[in-house]
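Chemist: Just passing along the structure, written as structure tokens.
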């Protein structure tokens, strides 16, 4: 089967959930005898080999403007793939919903990974939010198959667009601590800090997490891993809080996988504020790395943590998080139990081999 993947930054370019997904799934597809082509943003690659690890690479340069670059890149990538000999197109990102029409016009089978409620995210306001809602609706019209990453997201699409979807989650690698000394880079002690991992954007409620922690009487630190790749008032206001509270540690981006893993492993608890996605890759890592998890109470987080079996929940309120922090520190046995059983939450559906099997299964059904 010849598979074209469109809608990510490209390969190999592990930067976020989409690119990790492409790396893990595309490599396995090739190992199983399929021909995979990944479309890459040309401007992100100084070197442009035609093939890496058996994956064929096509570099497309969109219009270099903030509002048009992604859409123009996708349009050109879809045109190239549809003119070619691909059997099926796998798209990522709901913004690419309207491009399913190109597949229809060329008679190409296509599926799309929708990944979350983009139109509800605070970062998209006005026209941006309306476009994502429009694009999601067009995807349900033009694509042969909609793929969501959680059962709760499937229910959203049934209610919002009267469209069913296949549920295929993301994967994670179970990992044990190997280099605990790496956290000394930030003057941290094992079990001496809470951890947040993710972009510093309103979507992830980073402000609520930081303010809830500051309001607590905890003597531990709060480590915030991540940043935004641009000047941003929201991120700047968060970082400014460190000037008033020396318990806050902003690491910026952590590019070493070993360092990031140890930050997870050695944390007292992982704080998760993501609100609008389904299966979240950072929380999957927290489970796979054996963290005690304290998560915002959403239907998506409840599904991932099996309704409290693998985590504690707080409502969208700074005081609720403050109280949960106090409870966690007063109940060390609860935290120890969550750490001891966290990896059990990485059930079969959250393994990359199973995820790949499911993608191949549904793509084969389309290409017949």
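The values are calculated or read from the model by the stated rules, or taken from the named source; none is laboratory data. On a predicted model such as this, the values are computed, not experimentally measured, just so you know. Cβ atoms come from the backbone with ideal geometry, glycine included; neighbour counts cover every protein chain shown.
Chemist: State whether the residues of the range 206-228 include one that is touching a residue at least 60 places away in the same chain (Cβ under 8 Å) and closer than 26 Å to residue 19 by Cβ.
Modeler: Of the residues in the range 206-228, the ones touching a residue at least 60 places away in the same chain (Cβ under 8 Å) are 206, 208-209, 211-213, 215-218, 220.
Now narrow it down to the ones that are closer than 26 Å to residue 19 by Cβ: 206, 209.
The answer is yes, given that some residue of the range 206-228 is touching a residue at least 60 places away in the same chain (Cβ under 8 Å) and closer than 26 Å to residue 19 by Cβ.
Chemist: Exactly one condition in (1) under 26 Å from residue 346 (Cα atoms); (2) in contact with a helix residue (DSSP H, G or I) (Cβ under 9 Å, 6 or more places away or on another chain); (3) surrounded by fewer than 17 Cβ atoms within 10 Å (Cβ to Cβ) is false for residue 215; which is it?
Modeler: (1)
Chemist: Kindly indicate whether any position in the range 109-120 is surrounded by fewer than 17 Cβ atoms within 10 Å (Cβ to Cβ) and farther than 28 Å from residue 35 by Cβ. Give the steps one after another, and end with the answer.
Modeler: Going residue by residue through the range 109-120, those that are surrounded by fewer than 17 Cβ atoms within 10 Å (Cβ to Cβ) are 120.
Going one step further and asking which of them are farther than 28 Å from residue 35 by Cβ, we end up with 120.
Yes - at least one qualifying residue is present in the range 109-120.
Chemist: For the range 104-113, what are the residues that are more than 10 Å from residue 142 (Cβ to Cβ) and over 23 Å from the mean Cα position of the chain (by Cα)?
Modeler: So the first thing to find is which residues in the range 104-113 are more than 10 Å from residue 142 (Cβ to Cβ), and the list is 106-109, 111, 113.
Listed by number, the residues that qualify are 106, 107, 108, 109.
Chemist: Go through (1) in contact (Cβ under 8 Å) with a residue 12 or more places away in the chain; (2) over 21 Å from the mean Cα position of the chain (by Cα) and name the single condition residue 355 misses.
Modeler: (2)
Chemist: How many of the residues making up the range 114-139 are modelled with pLDDT of 90 or more and either closer than 16 Å to residue 102 by Cβ or under 16 Å from the mean Cα position of the chain (by Cα) (or both)?
Modeler: 4
Chemist: Still on this model: From (1) over 23 Å from the mean Cα position of the chain (by Cα); (2) within 30 Å of residue 307 (Cα to Cα), pick out the condition that doesn't hold for residue 101.
Modeler: All conditions are met except number (2).
Chemist: Out of the residues in the range 1-49 that are in contact with a helix residue (DSSP H, G or I) (Cβ under 7 Å, 6 or more places away or on another chain) and part of a strand (DSSP E or B), which is surrounded by the fewest Cβ atoms within 10 Å (Cβ to Cβ)?
Modeler: Here the residue is 41.
Chemist: Going through the range 127-163 one residue at a time, which ones are surrounded by fewer than 16 Cβ atoms within 10 Å (Cβ to Cβ), more than 23 Å from residue 75 (Cα to Cα) and out of contact with any helix residue (DSSP H, G or I) (no Cβ under 9 Å at 6 or more places or on another chain)?
Modeler: Within the range 127-163, 158, 159 meet the criteria.
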